[in-house]
Structures are given as structure tokens and as C-alpha cells.
1. Take the solvent-accessible surface of the protein heavy atoms, probe 1.4 Å, and return the percent of it on segment B:178-335 that carbon and sulfur atoms account for.
2. In terms of the Cα gyration tensor, with a ≥ b ≥ c the square roots of its eigenvalues, is segment A:229-352 rounded because a/c is under 1.5, prolate because a/b exceeds b/c, or oblate?
3. Rolling a 1.4 angstrom probe over the protein heavy atoms, how many square angstrom per residue are accessible across segment B:670-710?
4. Take the eigenvalues of the Cα gyration tensor for segment A:1-55, scale each by 5, and report the square roots as semi-axes in whole Å, largest first.
5. Tell me: how much accessible area in total is hidden between A and B, 1.4 Å probe, Å², nearest 100?
6. Quick one: 3J(HN,Hα) in Hz for segment A:198-206, Karplus 6.51/-1.76/1.60 with θ = phi - 60°, rounded, Gly and Pro as x.
7. Output ³J(HN,Hα) for segment B:379-387: one whole-Hz value per residue in order, computed from phi by the Karplus curve 6.51 cos²θ - 1.76 cosθ + 1.60 with θ = phi - 60°, and x for Gly and Pro.
8. Which value, in nm² and rounded to one decimal, describes the direction-averaged projected area of the C-alpha convex hull of segment B:244-311?
Amino acid sequence: MIGGLFIYNHKGEVLISRVYRDDIGRNAVDAFRVNVIHARQQVRSPVTNIARTSFFHVKRSNIWLAAVTKQNVNAAMVFEFLYKMCDVMAAYFGKISEENIKNNFVLIYELLDEILDFGYPQNSETGALKTFITQQGIKSQTKEEQSQITSQVTGQIGWRREGIKYRRNELFLDVLESVNLLMSPQGQVLSAHVSGRVVMKSYLSGMPECKFGMNDKIVIEKQGKGTADETSKSGKQSIAIDDCTFHQCVRLSKFDSERSISFIPPDGEFELMRYRTTKDIILPFRVIPLVREVGRTKLEVKVVIKSNFKPSLLAQKIEVRIPTPLNTSGVQVICMKGKAKYKASENAIVWKIKRMAGMKESQISAEIELLPTNDKKKWARPPISMNFEVWQKRSLDPWRVC
Amino acid sequence: MTDSKYFTTTKKGEIFELKAELNSDKKEKKKEAVKKVIASMTVGKDVSALFPDVVNCMQTDNLELKKLVYLYLMNYAKSQPDMAIMAVNTFVKVVANAVAALSEIAESHPSSNLLDLNPQSINKLLTALNECTEWGQIFILDCLANYTPKDDREAQSICERVTPRLSHANSAVVLSAVKVLMKFMEMLSKDLDYYGTLLKKLAPPLVTLLSAEPELQYVALRNINLIVQKRPEILKHEMKVFFVKYNDPIYVKLEKLDIMIRLASQANIAQVLAELKEYATEVDVDFVRKAVRAIGRCAIKVEQSAERCVSTLLDLIQTKVNYVVQEAIVVIKDIFRKYPNKYESVIATLCENLDSLDEPEARAAMIWIVGEYAERIDNADELLESFLEGFHDESTQVQLQLLTAIVKLFLKKPTETQELVQQVLSLATQDSDNPDLRDRGYIYWRLLSTDPVAAKEVVLAEKPLISEETDLIEPTLLDELICYIGTLASVYHKPPSAFVEGGRGVVHKSLPPRTASNESTESPETAPAGAPSGEQPDVIPTQGDLLGDLLNLDLGPPVSGPPLATSSVQMGAVDLLGGGLDSLIGGPNFVAPPAAAVPANLGATMGSGLSDLFDLTSGVGTLSGSYVAPKAVWLPAMKAKGLEISGTFTRQVGSISMDLQLTNKALQVMTDFAIQFNRNSFGLAPAAPLQVHAPLSPNQTVEISLPLNTVGSVMKMEPLNNLQVAVKNNIDVFYFSTLYPLHILFVEDGKMDRQMFLATWKDIPNENEAQFQIRDCPLNAEAVSSRLQSSNIFTVAKRNVEGQDMLYQSLKLTNGIWVLAELRIQPGNPSFTLSLKCRAPEVSQHVYQAYETILKN
């Protein structure tokens, strides 16, 4: 299991060092600094073996987290734990930065004690942790509160405490989808998938049982003929979900047998599920770039975006980033809609459009002046990226709340 | 609150200051001080000196302060255990509950054999699976994976209950579930409907893992690499998800590429090639190289695509990017091997790039191509000659290849290239220090000079086709790694024994628990065998100690966990000792003693085969060798399930052997014998495996002479000549321990020069001198001298002082320790006085014993 956990700043100075097993010595701290943080080349593997000691490392902004072990541990678990650790720290003191870590080091040690026991990860749900690891000094705890903590630590539902009360019971559900698309230079779609996240904000009293259904193909097929008519009547589409994963509060065996999502939610915001679909993906936008090299010191770029959805819908906060070469000296931009700016620090032209209706088209053209360079290193030609929001009414959602 | 200030104090005398603050009356100040101490502890300063002061702070009701002290305590408890125990008393109220729970668990598992899984406990675990935290689910699934269901129905029912876990948000839960399913699937019949369903269910979660954070993606990809090799059908339609993304970290890109090649087939080759061509123009050099190589592998794997691959590679060569060209040439060589006489038209293009090749592998590949197709390249001789100029600066790989290529050229165009071939042969045989190169040179030379026709047949023989998949993991290792899905082993693609120290947690799973053996494994230097009290039986250490030490040696394939169903046959036959023995001895060949040590008169006998010689001498007291003690029973049949072992040690013309007599007193046939020594004072180790040729049937006795050498690992034993031995057969592993007489270690060149003797005698301090009495020995000086000489104790000089015979003798041990002796013999008195001087005085006692044994027998 995890033998020790270290946190370093970008210079390789140790901020936190917690050792759980005797086989990990202090020299492990230095070994990682020398071999990974101070190594000249970029990270070639997130798992590094130095002198029979394995280091699992992740980097958040300029902070390194490293878990150390000398055993054949479950590698996936160690990484999941490191991510969870980051989440917990973020929930306690916000951004993971050197300043914040130094300011909260006592708290972090306390957390590490709680969520790793002899190197074995323990309950790491922030909601639960916050009931007994607090940043204030002593909190006079009544008998009931104490027994509640005990029941939470040992009980089945580690992610929610009992006795939560709200005057108004509310539940918010956000479906966030990102479309991933791979296109050949000839404009042919090589692969596309939608990965979606269902984020829930629950403000419910007591221990509420929640149940969701979804109109994914398998469910609808299961429901037989009657439902098929119904779906055609109501105009609801069924969707084919390739795969989905759930928060630990969801009863997986029930989903497996009945395809219904039933759970007792944690209090506040959490990610209920993720899903992935590859069928019938309609791309909301098309981005058509045209790049022409004029001599060695000039580049002409033209980008056309076409919205591909129903005219009744509106896309908002559209942001298109067009990367520019590293030796760019100046950029002139002309766009018909929105505002565009060259941001030298980000090596990109950022084009922002407030809103755009469906089935419309807009374009930007830019002239990029390049400094002559004899740098042999090639420009990596990063892809153009685009972000936007489309608000849809619930009736279009593939989700059904029971 | 800005606690970061605690990290910045680096004043001198800090410890002193902290001490004062810790002992302050004010609570606030105390708290501040403890925080400072913990900050210093984090950055690696030694603040253990403050231990008592920090612990004192615990006498408080302030919970926050208590917690801080606890942090400190956790860190330093190891260095100051006694202090820590005192401190713990103040925590006891909190800890007691937990300890009570833990002791209860320990009691309910008297053998603590948690791997003793049965259908009932499995059922409980499966129920618990639904009720515990995500981490708990991982632990349970990992534990389930160690279970072997009794039949396919049980396997299926477990699989059915594990499958829902594939939808868990925690990737580690998913991977552990995949491990259980992959293992138990082995037991299911492929005709079963359920088998197909399961296969289908496995693909989507694996694909989903690729949307996780990059580090987890990497772990997932390494595992998918294994799964794809084991069951390619699972992901055969999912090629596209492995296309690399622009912002993937390089380690994810490289892994994806690897899997793409494994999944490449006729159906998807066009897409794969288009992708690979894009990758070959990327920025990262390693990635580009791998992409180019991948194109070559596609050509070899999917015949229909070979032509397109070759033309893609030619396009890439036209880019003139140095490393792309070199990589392309290396793979084109492989394509030529796979499809002979098909694509040779491209040779001309390749030759154009000859000058840009600076890597050995690419140069060697190009030279191979030129040599192989010499008859089609008009200026092949010129090309090869150009390489010959800097022959000695080339790497061995290139030199060997050049030698072969020129010989090929000569055989194809003998008339024009005679000079060239002579040049290369002389370079290889006369001017090179590399034995491989010289040997190859001589072989060609003799071949060419004795029988050119035969040379042609040998050198230009048809080459076997190369296989499609070049870097597949060896099947038994693959099966083992499948059992380790999700763990580090699956990330490294190595069995745990390759990177986990001492095989701990690997072999131990199958052994009853012994905390003592754990400790001794961790610190072997502090773990000598049990304390001796002089007599032989007492030397035998507790089995725990011995086991711990023996396990320290690499015992080969781990025996942990139940093997996969299909592989259980092979795994069942895996012997605990076998692997380790083979690797230690490095082959079954008999290790011959150095020829120099063989006296001339025995030279002839030596030629007739060493093993014969040893068979002859075994068990028979010999004239020319050292004294051989009669065989003693080392391992009584009672203690070894019917196997009785008796034996003795001999030294014969420079080689030591252990003469063993194995008797089967059981009712069952014994086979698969093997032997292993623990580390010992003089590095004694078997020089060959224990060869019992036929199975030992009941009541049969076999005599074996096991040759020994002294190149094994050394660890000082108590007593010095203690040897711990493990013997294995088809029934079990047995341990015993024996004392060997020291004179088997006296070497033949142990005669010291007189002057040297004198100087050394003076040089060794007097406190190293030991005196012994040898009583009741009726021999005279002459006889003593000759008898001792036959056991390699040499008389350097002889004097007569006041009617007493003084013999000055020397001997040398196998590890180079010299022992000097003065033996005083009074005619008519059967008691001798022996004075021994040695730089390592601890051997004296045993040398004296050797004298006693030799003189009295």
C-alpha cells in the first residue's frame, strides 16, 4: 500500500511529508526531487521507479504530489487517491498553491491521517470529513454529535450525515456535454464522441431516496411496444449510451438489473454520473480553417464557423482560440461579428462572440507577421479550440426524473 | 492565519529556542512552538531532540494541541520507541476502542490466513461489496481475484455479481472488477452465451477509462495492452478511441500507439496508416520514431497493406528529417525480410540517404540491405568500402554486419571483391579486441578458404521469415500479469518479484504467518541463525529464521494467489526452489575445477570425465584426497516425511563436494529433487543442480556427489562452519543444518614461502595467537607431516629444539585467509601443542578441530 506521501513546490522543496510505512526512508524524498522534479526532460511516465521504490506523481499548477511505495500496489487506486486528495484539499482551502499548502499544513497532516490509514485510503468524501475535521480549534461536541460521527465513520452511507434540514427542498440537475471530434485534414470525421456529466446540486432534508430513469435505448426496448408508441407520441428521442459511470452513492447492482439510478445523494454539489455516446452525433458547429503561408515571414489565416443546430436555439459565450506560431511578431485581425484579439502571452488569437443563433455563419481573417528564425524546432501546430454554451429546456433532455 | 511563516525560520540555536517555547506556560505559545517543530520536521530537519518536550505538551485538554503532538509522535515514534510507548498511554482512551476491535479480528483469524477463501466468505465479501466505500470495494475486489472458484457455475455467479462495478466512477474499482472478470472468464466455456455477453460488457468501461485524467489513462492503457494481447476480441472494434489527441501527454501517446498496432487488422489498416503518417510529422522525437516503426510493423502484420506502408515510408524518407529516415530504413529492412524479392525497387532511394545515417542501428540495417541485395546494386562494393574506412570507430553491431555483408558480396561477385574481403577479414581478426567479431571473422575465413561452396550454402542460406508480432509478452508472463491487473506489475509489465524487495508480500501469501521471519527478511545482516550451544542439534535454527533467510533468495515464480484456471497445470508444477536454483547455477553444466589445481598425475583421469571420478570417490575414503568423515545422518526420515538424508564432505583434487545418500523411507515415490544452501561463512554453494536421475522408489537409496564451489553469497554464521540446507522434492521442502569440517576449505596452494612465513608470523599480533592441546596422538613428526599434507596443511619448516620436534605449517582457506601453525611434538609424549596464528582469529578453533580430525582418523 502507499508507504508515504510527499508534496513539493516547483523548486522541489518539500511542503508536506507523511510516511506511513517503515520501508520508506527520508532519502525517498530526495530521490524524487533529483530524478523527477529536477530532471531535464519532460515527464515520460507518471510512475517512476527509483531504486526499487515506485513514485506515483501528479502535478497541480506548480505543485507536485507524490505517493511512494515499495510494494506492488494497486496503481489505479493510488492515482484515484491522489486526485481525491486534491479535491479534498481544494474543498478545504481552495486552489492548490504553495501559499495555501503552507498556510494549511497542519490541516493537511490531519486530513492525511484521516483519509490514509497505514497507507490504505479511507472515506474521503469532503462532506463527511468536514463534520469532524474542522479548521477551527475545539468545537464543543455534544454526545449526539459525537455518536453521529461514529455512525458516519463506520456506517454504510459515508457521504452524507444524518439530520440535515432545509426549509425548502431543492434539487438542481446540470447536464454538461463535451463533444470530442477528430477530423482528418480533408475534413473527414475520424471519430466523434460525446462525453457528458450530470452534476447535481441537492438541498434535501433527511436521508432522501432519489430515483432517476433515463430514456436510453436499452430501457425503452425493455419497456416494450406500449412505450414505443408513447415515445413517438411525445416526440422523445431515445439515445444510445455506450457506457456510463456513477458516483459511489448510486446502487450499481440496481442499475445493472433495472437500469434505474437510485441513490441517497450527498449534500450539496456532486457529480452523479458520466456517460459517453458515439451514435448520432450532430456537430453543433463546424470550424473551417484556411491557412496560407506567404513567404517565410507571413501567415494568412481565415476561419469560418457555421452553427449547425436548430435556428430556434442560441449558442452563448462563444470563444474560439486560434493558436499562433511562437515567433509571431504582430497580428492584424478582421472579424465580422464579435471581438477578436491577439494575446501574445497565450500565443493565440482569441475570438469572442456573445451569441449566435442556429444555422448561421461567421468568419474571421488574420494576417500574422513572423520573425525570421533559425530555430530548428518545429511548431507543434496546436488545434483550434472552441467553447460555447447552449441552454436547452428540460423537455429536450434525455433525463427523466421520477 | 498564515502558517507559512513557520517554514521560514532558519536561525541558529533554533532547537534551543524551541525548547524554551515548548516549556512555556502559555498555551498559545506552546501551540506556536509545536507548529514550528512540525514545519521543521517536514523540511527534513532533525527535531527528534525535542521529543520529551513535545510529549510534555500533551498534558493538556486543548484538543488542537493534542492533535499536533500526535503528528509529531507519529513521525518520531520509530526512532524513540521507548519514549513513544510512554506517550501513547495518554492517548489510550481514544485508541482503546480501535485496538479492541483489531484484537478481536486477530483472534477470529488464529492463523491469520486471510487468503483462505471459501464460497461462504466469498458470498459475504460480495454482499459487502455493495455496502462499503469506493476504497473498500477495491480491497474486496482485489481479494476476490485471489480466489479460485470450484467450477464454472460458481465463476459465472461471481462474475454476474461483480459486473455492476464496471459502472463505478472510480477507475480503480473498474480495473479491479476487470481483473476479477478476466481471471474468472478463463473458467467459462466459450460456447456459453454468458461468455459472449461478458466480452461485450468489458469493452465500454475500458474505453471510458480513456476519458480519465492522463495519469490514470496511462495505467489503463498499460493494462489494456495486456488485455488486448490476452483477448484481442474485446476491443477489436474500438481502434478509433486509441487515436492520439493533440494534448495527450507523451506517455499516453506512446502507449496508444502501441495498442493501435496490436489492434491493426485488414479492416482498419487504412485508417491506422493515415493516422500514423500524421504522427510521423509530430514534434516529439520519440513519438515520431515509434510512429515510423509502427508503419513498418503494420506492413509486416497486414500483408495487404505492405505496399502502402512501403510507399508511406518512402514519402517519409523524402522529408529528409534525419531520425525519420534512419527509423524508416530500420523498418524497411524488416519488410524485406518478411516479403523477400518484392520491394527491392526502393533500394536506390535508400542508398541516396547513406550519408545521413549516424545511428548504429540504421547503419547496420543499411549495410545488411546492401549485402543482401549486392547483386542488384551496381556499386555495392563502393558503398561497403566507404563504411570500411572508419571500421574501428563503428559500434560492434555495425562491424559484425559489415563483415557479413562483405562476405556475402564476395560470394556473389567473387572476382571484383577479393581485396575487399581480405581487408575486412584482417580488420576483424587481427585488429579487433572484440571476441565476437574475431570469432565470426575466423569462421568466415576458414569457410572461405576450405570450401567456398559450403560457405555459399551457409552464408547465403534462405532466411526464416520473421514473425508478425515482434514484442508480444511471453504467454506465461502475460497470464501472470493478468492476475495483477490494476497494480504496479501491470504498469511495469514485470512480475512483482522483479521490483518488490525480497519477494515480500509475494511468496509470503502462501506461507503461514511468521512475524519473526518478516523481520529477518527485512534486515538480513542482523539475522544470524539461532544461538548455538555447541552441539549439533542445537545448531538447527528455528524453521522460521531459516525460512526467512532462504526466502531472501529469489525463489523464482511467485506462488501467491490461485493461478488462472488454464495455467494452473503449469503453475502447479512450478517448484518452490526450482526457479531460484536454476538461476543461481546458470545451467545444468558441470562446473569444472580450474585445471591449474589438478596435480599432474591425475590429469589423465580428469580427461575421462569428472562425474565418473566423483562417483568413484563418493563415500570411499581416498588416499590422495583430504580426510573424509563417515556419513552422518543429517535429516532423519521422521522430520522429512520419509526422506532420510545422510552425508559428508570431501575435498578431492581441488574440488569440494557434498556426498549425499538419499533414502526413501516413505511409501510414495519421490521425484523432483532440488537443493539450495543458505548464505554461509565461506560462500559454499552447489556448483550443479542436484541430479537424481530416476524417481526414488520406496526403500530405495541413492548416492549422489554434489559438487560445490565457494562463489556463493557470504554471511557470517554462528558457528562459523554452519551450513543451512533446503532440500526439495515432490512432497515438500525440508530444512536441515550441518557443520562442515573446515579442512575441505584448505586449498592446494597453501604452502607458504619460508621467509614469508617468518615475516607473517611476526606481523600477526600476539593476541591473535591461540594454543591448543592435541592429546592421545601416537604418530611421530614424519607421519604427522605427511598426513596433514594430504589434507593441504603444509609443513614449511621443521626444527628440533631441545629434543622436541617443531613443525611450522601453513594453510590457506578458499577465501584467501592464511593460517600459520606451530606444532610441538615431544617424542614419546602423545600430547602435541598447537599454536595457531591468523589474522582472522575466529577460524582458529575450527582449524584446531580440523587438526584433531585429520590426525586421529
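The values are calculated or read from the model by the stated rules, or taken from the named source; none is laboratory data. Note that the structure is predicted; figures quoted are calculated from it, not measured. Note: ideal-geometry Cβ built from the backbone for every residue, glycine included; neighbour counts use all protein chains shown. When the accessible area is computed, the model is the full protein with side chains, heavy atoms only, and any ligands, DNA or RNA have been set aside. Shrake-Rupley method; radii C 1.70, N 1.55, O 1.52, S 1.80 Å.
1. Carbon with sulfur: 50 percent of the solvent-accessible area.
2. Numbers: a/c = 3.10, a/b = 2.15, b/c = 1.44.
The shape class here is prolate.
3. 35
4. Semi-axes (√(5λ), whole Å): 18, 14, 9.
5. On the way: alone 24610 and 42090 Å², together 59970 Å².
It comes to approximately 6700 Å² buried between A and B.
6. Each residue of segment A:198-206 in turn: 10, 9, 10, 10, 10, 10, 10, 8, x Hz.
7. Karplus-based 3J(HN,Hα) across segment B:379-387 equals 9, 3, 4, 5, 4, 5, 4, 4, 6 Hz.
8. Its average projected convex-hull area is 4.0 nm².
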